[in-house]
Amino acid sequence: MSNRRSRQSSSAPRISDDQMIDLVTKLRQILPEIGQRRRSDKVSASKVLQETCNYIRNLNREVDNLSERLSQLLESVDEDSPEAAVIRSLLM
Amino acid sequence: MQPTSSMNEEFLKKWQMGLQIFHPSIDNTSVHERKKAIKLSADVAMASLRKGTTCWSRALIEKTATEDNFLVRQMLSGIKAEALINKKLPKRTVCHRKIVRRSKKILRRKSKSASEEAAAKAKRLVKRRTQGLRNVVPGGELMSNDVLLLQETLDYIVSLQTQVNVMRSIVDAAEAEIER
C-alpha cells in the first residue's frame, strides 16, 4: 500500500489516498446522492465523509420515527380485536 | 455491499425475540416506554448480528445495556451475553487539541505557497469530517485508527439499512392492517 503523500504518525495513521478512493467507491454504492454523480473521482473526501454522517443521522432518525409509529399503533389497537391478533403475529 | 435477505431474517427474528421479552408488560406501559423498548430491542437485534466481531456493535450493546440491562441480557443469553457486555473496549484516545493546534501553527508559518495552503486546508477539513463521523458511529471515539473507523462505518451503515428496511416493512404492514 503506497503512502507516498500522506504522513504517517505513530498512533493514528492518516487515511491514505488509495484507502480513501476505495472508501469512496464503496460508499458510492451505498449512499443515495453520491451514486448519482457522474464526475467519478472528483468527489472530495470531505464531501463523502459529510454525506456519510448525514446519511447515518437520517437512518437513526427513521428508526426513531418507526419506533414511535409502532408504539402509537399498539396503543390504538383494541386488545381483543382481530387486528391486534394479526399485529401480534407480525411482531412476536 | 448490501443488506442480504438472511440479514433481514436474522434481524427480524432477534427483534421479535426482544419484543416478546417486553411483551408481558406491553399493555401496562406508556407510549413512550413502549417506543423505547421497541427501539432498544431493534438496536440489540442489529448489533447482535455481528456476534461481537465489530467495535461499533460491542459499543452499541454496551450503551443499550446501560439503559436496559435486563433486556440486553435476555436477548443475548444465547450468545455469551456476559462476554459482550463486559468486553473491554480500547482506551479512549485523548486528542490534545491545543497542542496539535499550536504545532500546526508553527508548521503553517513555514509553508507559504498557495497550493500547499490549499492542500493543508483540505486535510484539515477531512480531519474535521472524520471527527464528525466518530461522533455518529457507536464507539467511534474509541477508534483512533482512521482506517478502522471507515471500515466500521461501512459495516454500521449496512446494518442500519437492514434495521430500517425490516422495521419499515413491519410497521407498514401493521398500519395497513389497521386501515382495513
Q: Go through the stretch A:1-58 residue by residue and tally those that are in contact with a Pro (Cβ under 9 Å, 6 or more places away or on another chain) and either more than 19 Å from B:E152 (Cβ to Cβ) or at pLDDT below 55 (or both).
A: 2
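Does the stretch B:1-25 hold any residues that are of a type in the set (S, T, Y) and at pLDDT 85 or above, and which are they? Lay out the reasoning, then the answer.
Taking the stretch B:1-25 first, the residues of a type in the set (S, T, Y) are B:4-6, B:25.
Scanning the stretch B:1-25 gives B:T4, B:S5, B:S6.
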Q: Please work out which residue is farthest from the other protein chains (Cβ to nearest Cβ), limiting yourself to the stretch B:130-160 and to residues that are in contact with a Cys (Cβ under 7 Å, 6 or more places away or on another chain) and under 14 Å from A:T52 (Cα atoms).
A: B:E152
Q) Which of the residues that make up the stretch B:162-176 are at the interface with chain A (Cβ under 7 Å from one of its Cβ atoms), surrounded by fewer than 22 Cβ atoms within 10 Å (Cβ to Cβ) and not hydrophobic (A, V, I, L, M, F, W, C)? A) B:R168, B:E175
Q: Only residues that are more than 20 Å from the chain's Cα centre (by Cα), over 19 Å from B:D43 (Cβ atoms) and of a type outside the set (V, I, T): list them for the stretch A:53-83, please.
A: A:Q72, A:L73, A:E75, A:S76, A:D78, A:E79, A:D80, A:S81, A:P82, A:E83
Q: Among the residues of the stretch B:26-39, write down those that are modelled with pLDDT of 90 or more, charged (D, E, K, R) and in contact with a helix residue (DSSP H, G or I) (Cβ under 6 Å, 6 or more places away or on another chain).
A: B:K35, B:K39
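The values are calculated or read from the model by the stated rules, or taken from the named source; none is laboratory data. From a predicted model like this one, the values you see are computed outputs, not experimental measurements. Neighbour counts are summed over all protein chains in view; Cβ atoms, including those assigned to glycine, are modelled from backbone coordinates with ideal geometry.
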